[in-house]
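Notes for the one structure printed next.
Each reported figure results from applying straightforward, stated rules to the coordinates on display, with no laboratory input. This structure is a prediction, so every number in the text was calculated from the model and none was measured. Note that we place each Cβ from the backbone using ideal geometry, even for glycine, and neighbour counts take in every protein chain shown.
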Amino acid sequence: MAEMIPRTRTIVTGATKPQMPRHIKMRHDAGRGRWIILAPERVYDPDDVAVAVLKLCDAQRTVNDIAATLSTEYQAPVDVVTADIISMLQDLADKGVVTAA
């Protein structure tokens, strides 16, 4: 019997450089006019804000970088944007949709 390797939990912080694993795809569904996330045996329906965040998750930018960009774009306080992004990405990381570079 093969030894099982325990899965480690990604903890999202401001310094995390998030990315979507290669087996997770975000696609635009032209027929429905919305974005979807395709994962093995699952489909997620992110809202517009989640799509804006996920488009910036390129393993190069930190969560703080993404928050600063979106804070300027949406004219919202950076601390509120950062907290919301961390919360959203932590939920997606717990589901295996986002990892840290």
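So the values come out like this:
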item	result
Trypsin sites (Lys or Arg not before Pro) restricted to DSSP loop in region 1-89 with at most 11 other C-beta within 10 Å	R7, R9, R22, R32
Net length gained if the chain between T10 and E73 were fully extended (0.36 nm per residue, minus Cα distance)	19.9 nm
Overall form of the chain per C-alpha gyration tensor (a/c, 1.5; a/b vs b/c)	oblate
Taking the chain and dividing mean pair separation by its residue count, relative contact order in percent (alpha carbons under 8 Å, at least six apart)	39 percent
Distance in nm between pseudo-label sites at D94 and Y44 (7 Å out along the Cβ direction from Cα)	1.2 nm
Inter-probe distance in nm under a simple model that places probes 7 Å from Cα toward Cβ, at D29 and K55	1.9 nm
